[in-house]
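**Q** Input: one structure, supplied below.
Just so it is clear, none of the values below were taken in a lab; they were calculated from the coordinates. Fair warning: this is a prediction, and the values are worked out from it, not measured in the lab. All Cβ positions, even for glycine, are placed from backbone atoms using ideal geometry, and neighbour counts span all protein chains on display.
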Amino acid sequence: MIAVLEPGCPMHQKAEVVRLIENEGLRAQVSELEHETLVGVIGQAGESLAARLEALPGVREVRLSAPPYPLTARAYHPADSRIRVAGVTFGGPEIVVAAGPCAVEDEEQLLSTARCVAAAGARLLRGGAFKPRSSPYSFQGLGEEGLRLLAAAREETGLAVVTEVLAPEDVELVARYADLLQVGARNMQNFRLLSAVGAQPRPVLLKRGLMATLDELLLAAEYVAAAGNPRVILCERGIRTFEPATRGTLDLSAVPVLKELTHLPVIVDPSHAAGRREWVPALARAALAAGADGLIVEVHPEPGRAVSDGRQSLTFAGFEAMMAELRRVAGALDRTLPGPAQAAPGGGA
């Protein structure tokens with residue numbers, strides 16, 4: 001439910017609208033636009049409240065057909081949100097690239113990758129310390145030792161760190177080391193985890209589930225925001241369809257649709273969608289053309305020896321070549337992508 005106020009509505013009338021909503025045990029979200037003010041009602045509201053709101057001075061109309069995710073919907077928050085992650089801004093004119101190995105394997109592997117991706121223009125280092133694997137016998141990650149290695153790589157290169165958290169009880173630990181907490185596709189509807197990452201201050205990268213609709217993705221983001229953390233970045237990473245040629249079907253139409261539905265930044269993971277490194281650059285270029293605010297890609301010094309996802313990981317040379325191509329695409333879109341000579345931003349947990 002959204003109350004649309006009259007242009008020039010005085011402050012005391014706005015306050016009365018908010019007071020009425022809060023007296024019902026609901027929350028009010030006020031958005032000041034150029035020609036009108038919107039007051040969103042957050043929570044389960046009945047039609048009787050709509051009638052009382054419409055009767056208040058200064059209220060022009062009440063819209064009942066509002067989306068069920070008021071904190072993340074553009075209808076309640078028309079301006080794009082820009083989310084800061086350790087000095088890096090998602091949702092602005094700069095296209096942000098996060099890159100690194102699927103899993104943190106050892107110090108040499110991680111540091112060499114961090115140096116490469118930083119030199120090529122990446123702004124964040126990705127790497128899994130805790131790994132959700134389909135088989136219980138596959139490599140599950142180094143745990144806290146992997147987090148320490150990520151923090152050491154940040155200290156050397158200045159790259160911010162994004163890594164996945166798998167369980168509510170691990171949120172505090174991962175937040176001590178990471179700048180951006182990732183909730184992976186398999187956990188998109190792990191509601192206890194969503195609420196847990198929403199209760200801490202680090203921004204959150206939320207990946208779309210393998211078979212999730214866009215409304216389900218936005219409702220998952222709403223869990224994070226409703227718990228107190230509005231700093232959510234959405235990620236399209238490919239969905240499961242009948243097509244077996246690729247690991248997933250990259251739903252690039254999700255990018256413009258999400259841009260219409262939500263004010264949150266949207267990035268794309270072409271690595272998990274493709275499943276093969278030779279297709280990653282083409283999907284990355286297409287993602288930027290579709291309007292993505294950034295990319296998260298997998299890079300490994302020796303993909304053939306990677307403990308996980310080696311087939312979809314770019315080599316160092318492949319990543320550098322892709323970044324050069326992406327700079328040309330970004331320029332054509334009037335956006336920017338850091339060049340190889342630019343220093344990585346200052347990180348810090």
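**Q** What 222 nm value per residue comes from the helices of the chain, counting each DSSP H run with n ≥ 4 as -39,500 (n - 2.57) and dividing by all residues, nearest 500 deg cm²/dmol? Can you show the working numbers first?
**A** Values: 11 runs with 119 residues, N = 349.
Calculated from helices alone, the mean residue ellipticity at 222 nm is -10500 deg cm²/dmol.
**Q** Okay, moving on. Give the peptides 249-257, 285-293, 7-15 in descending order of average Cβ contacts within 10 Å, highest first.
**A** On the way: 249-257: 17.9, 285-293: 20.2, 7-15: 13.0.
Packing proxy ranking, top to bottom: 285-293, 249-257, 7-15.
**Q** May I pose another question? Amide H to amide H, which residues 5 or more places from Glu36 or on other chains are under 5 Å from it, using H placed in the peptide plane?
**A** none
**Q** What percent do you get for the relative contact order of segment 83-332 when only Cα pairs under 8 Å and 6+ apart count?
**A** Numbers: 544 pairs, mean separation 46.9, N = 250.
Worked out over segment 83-332, it gives 19 percent.
**Q** Also, quick follow-up: Quote the FRET efficiency, to the nearest 0.05, computed for Arg19 versus Arg305 with a Förster distance R0 of 45 Å and r equal to the Cβ-Cβ distance. Can you show the working numbers first?
**A** Working: r = 63 Å, r/R0 = 1.41.
E(calc), rounded to 0.05, equals 0.10.
**Q** While we're looking at this one, here's another question. Go through segment 196-203 residue by residue and turn each phi into a ³J(HN,Hα) via Karplus (6.51, -1.76, 1.60, θ = phi - 60°); whole Hz please, and just put x for glycine and proline.
**A** 5, 6, x, 8, 10, x, 5, x
**Q** When only C-alpha pairs under 8 Å and at least 6 residues apart count, what is the relative contact order of segment 2-63, in percent?
**A** 49
**Q** Over the chain, what is the percentage of antiparallel beta bridges among all DSSP beta bridges, to the nearest 5?
**A** Numbers: 19 of 47 bridges.
Antiparallel bridges make up about 40 percent of those DSSP assigns within the chain.
**Q** When a/c reaches 1.5 or more, the comparison of a/b and b/c decides; with that in mind, is segment 2-63 rounded, prolate or oblate per its Cα gyration tensor? Before the final figure, lay out each step's value.
**A** Details: a/c = 1.64, a/b = 1.52, b/c = 1.08.
The shape class here is prolate.
**Q** Put a dot 7 Å past each Cα toward the Cβ at Glu47 and Ala199; how far apart are the dots in nm?
**A** Spacing of the two 7 Å Cα→Cβ label points: 3.8 nm.
**Q** Another question about this same structure. In terms of modelled amide H atoms, which long-range or inter-chain residues lie less than 5 Å from the amide H of Val59?
**A** Here Glu6 satisfy the definition.
**Q** Something else about it: Express in nm, to one decimal, how much length is gained between Glu216 and Glu169 on full extension, taking 0.36 nm for each residue of separation and deducting their alpha carbon distance. Before the final figure, lay out the partial values.
**A** Details: separation 47, 0.36 × 47 = 16.92 nm, distance 2.40 nm.
Separation in residues times 0.36 nm, less the Cα-Cα distance, equals 14.5 nm.
**Q** Shifting gears a bit: Tell me, in nm to one decimal, what length is gained between Glu144 and Ser253 on full extension, where the rule is 0.36 nm per residue of separation less the Cα-Cα distance? Please report the intermediate quantities before stating the final value.
**A** Numbers: separation 109, 0.36 × 109 = 39.24 nm, distance 3.72 nm.
Taking 0.36 nm per residue and subtracting the Cα distance, the gain is 35.5 nm.
**Q** May I ask you to list the residues of segment 231-269 whose amide nitrogen lies under 16 Å from a point 7 Å from Cα along the Cα→beta-carbon direction of Thr89?
**A** 264-266
**Q** Could you work out how far the C-alpha centroid of segment 44-97 sits from that of segment 3-18, in angstrom?
**A** 16
**Q** If the cut-off is 18 Å between C-alpha atoms, which aspartates and glutamates fall inside it for Lys259, apart from same-chain ones fewer than 8 positions away?
**A** Straight-distance partners of Lys259: Asp80, Glu94, Asp215, Glu216, Glu222, Glu236, Asp251, Asp269, Asp293, Asp334.
**Q** Determine ³J(HN,Hα), in whole Hz, for all residues of segment 107-117 in sequence, where each value follows from phi through the Karplus function 6.51 cos²θ - 1.76 cosθ + 1.60 and θ = phi - 60°; x replaces Gly and Pro.
**A** Whole-Hz 3J(HN,Hα) from phi for segment 107-117: 5, 4, 4, 6, 5, 5, 5, 4, 4, 5, 5.
**Q** Which ³J(HN,Hα) values, rounded to whole Hz and listed in residue order, are derived for segment 35-45 from phi using the Karplus coefficients 6.51, -1.76 and 1.60 in 6.51 cos²θ - 1.76 cosθ + 1.60 with θ = phi - 60°, glycine and proline given as x?
**A** 3J(HN,Hα) across segment 35-45, in whole Hz: 10, 7, 10, 10, 10, x, 9, 9, x, 7, 10.
**Q** What's the FRET efficiency of Ala286 with Gln189 using the Cβ-Cβ distance as r and R₀ = 35 Å, to the nearest 0.05? Mind dumping the intermediate values first?
**A** Numbers: r = 27 Å, r/R0 = 0.78.
Using R0 = 35 Å, I get an efficiency of 0.80.
**Q** Under a 5 Å amide H to amide H cut-off, with H placed in plane at 1.01 Å, what residues pair with Val96 once short-range neighbours are removed?
**A** Amide H neighbours of Val96: Gly294, Leu295.
**Q** A further question on this structure: Just to confirm the filter: which chymotrypsin sites (Phe, Trp or Tyr not before Pro) across segment 197-280 are DSSP coil and have at most 14 other Cβ within 10 angstrom of their Cβ? Working shown, then result.
**A** Details: sites: Tyr223, Phe242, Trp279; in loops: Phe242.
Those satisfying the criteria are Phe242.
**Q** Stretched out fully, how many nm does the piece from Ala227 to Val30 gain, at 0.36 nm a residue minus the Cα gap? The partial results should precede the final answer.
**A** Details: separation 197, 0.36 × 197 = 70.92 nm, distance 1.83 nm.
Extending this stretch completely gives an extra 69.1 nm.
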